[in-house]
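S.K.: Dumping the structure here so I can ask a few things about it.
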Amino acid sequence: MNSSEIKQRIEKAVNDAKAKKPLAPSITNTVTVNLVANAQLAVGGSAAMVYLPDEGECVAQIGGAVYLNMGTLFPIYEETIPRTAKKLSELKKNWVLDPVGLGIGSLRTKLILGLKDNPPTIIRGNASEIIAVAKLWNVSEFENSNGPVGVDSVDSVESAEKAARALAKFIHGAVAVSGKEDLVTDGTTTVFSKGGSAYLEQITGAGCSLGGVCAVYAAVSDPFTAALTATQIYNFAGQQAEKKCRGSGSFQVCFLDELNNATAQDVAENPFTIKEE
C-alpha cells in the first residue's frame, strides 16, 4: 500500500463520516464519556452511550460500528460486554476495543480474555496494553514488558510493534498504538503517524475519545483506514490546538474545534511514514 492510496482512503473516510453522520454507540469509561461523545460529534458521527446488556445488543444492531472501552467497569458489564461482542460478531460488524488498564483486577482480565472468541476488528491502546493483550491471548512472542501502570504505558510504541502486528493478523483487522509517535498496523502494513501535542496527556479522555472516533470511521471504512484516519486527525488537531490554547483547559476546547474544522486534505496530509512487513 503506497502513500497516495493511503491518503485517498483517509480523505474518503473523513468525507464519508461528515456526509453520512454514522451512529457509533459506546459502552465506555464513565470518567471520559463526555469527551468521547463530543469528539465523535466533532468528526461528523453520532453518539449513543449505553450500559445494560440488552441495550448493548440493541446498539450492535442499529449502530454502524461500536466502541467498547474497559476503563471503568461495573458488575453488570460481566454480562453486557460478552453479549454485545457476541452480537457484533454474529452481525459481522466493525467494533473497537480499548483494553484500558488491563491487569487491574480479575474482572477486567476475565472480560478481555473472553473477547478472544469474539474479537474486535480494531484494538486501540497504549504500548503496554497492546503487549498485554497479545500476551493474554497468546498470539505473539513478545519482549519483556512491565505492563500498564493504571492507564499509563511503561513501554515504548516501538516495543509493541511485534505484538500489534500479531494481534492485527489474529483479528483480521487493525491495531492502533498510541504514544509519542503513533503506530497503526493491519499486520502487513504499518504506519507511523506524527504530530499531536503533549497536552493530550494532560486532559482526561484523549485516548478513550480516540477509540470512539475510530468507531465513527469504522462505520464508513475498513478497520485499517478507520484506525489510521482517527489517529491522523488526532495528531493534526492536537498540533493545531496547541498553537492556539493557553493551557490544558483551553486546549481541550481548541482540540474539539480543530477536530470539527479539519478538512479531509488536512488529515490525509498530516505527516506519516510507511513500513511494510
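The values are calculated or read from the model by the stated rules, or taken from the named source; none is laboratory data. The structure presented is a predicted model; accordingly, all values stated were derived computationally and were not measured. Ideal geometry is used to build each Cβ from the backbone, glycine not excepted, and the neighbour counts take in all protein chains shown.
S.K.: Looking at the range 1-19, I want the residues that are more than 12 Å from VAL267 (Cβ to Cβ) and have a partner that is surrounded by fewer than 18 Cβ atoms within 10 Å (Cβ to Cβ) and at pLDDT below 95 with Cβ atoms under 9 Å, at least 6 apart or on another chain. Which pairs are those?
M.R.: Pairs found: MET1/GLU276.
S.K.: Filter the range 124-168 for residues that are at pLDDT 85 or above and out of contact with any Ser or Thr (no Cβ under 8 Å at 6 or more places or on another chain); which is surrounded by the fewest Cβ atoms within 10 Å (Cβ to Cβ)?
M.R.: ASN138
S.K.: While we're on this one: Of ALA42, ALA65, which residue is in contact with an Asp or Glu (Cβ under 9 Å, 6 or more places away or on another chain) and crowded, with 21+ Cβ neighbours inside 10 Å?
M.R.: ALA42
S.K.: Which is within 17 Å of the chain's Cα centre (by Cα) and touching a residue at least 40 places away in the same chain (Cβ under 8 Å), of ILE233, ILE274?
M.R.: ILE233
S.K.: In addition: Which one is surrounded by the most Cβ atoms within 10 Å (Cβ to Cβ), of the residues in the range 222-251 that are in contact with a strand residue (DSSP E or B) (Cβ under 8 Å, 6 or more places away or on another chain) and aliphatic (A, V, I, L, M)?
M.R.: ALA227
S.K.: If I ask for residues that are among the charged types (D, E, K, R) and in a helix (DSSP H, G or I), which ones from the range 232-258 would you list?
M.R.: Within the range 232-258, GLU242, LYS243, LYS244, ASP257, GLU258 qualify.
S.K.: With the requirement that a residue be of a type in the set (S, T, N, Q) and in a loop (DSSP other than H, G, I, E, B), what does the range 12-64 give you?
M.R.: THR28, ASN29, THR30, THR32
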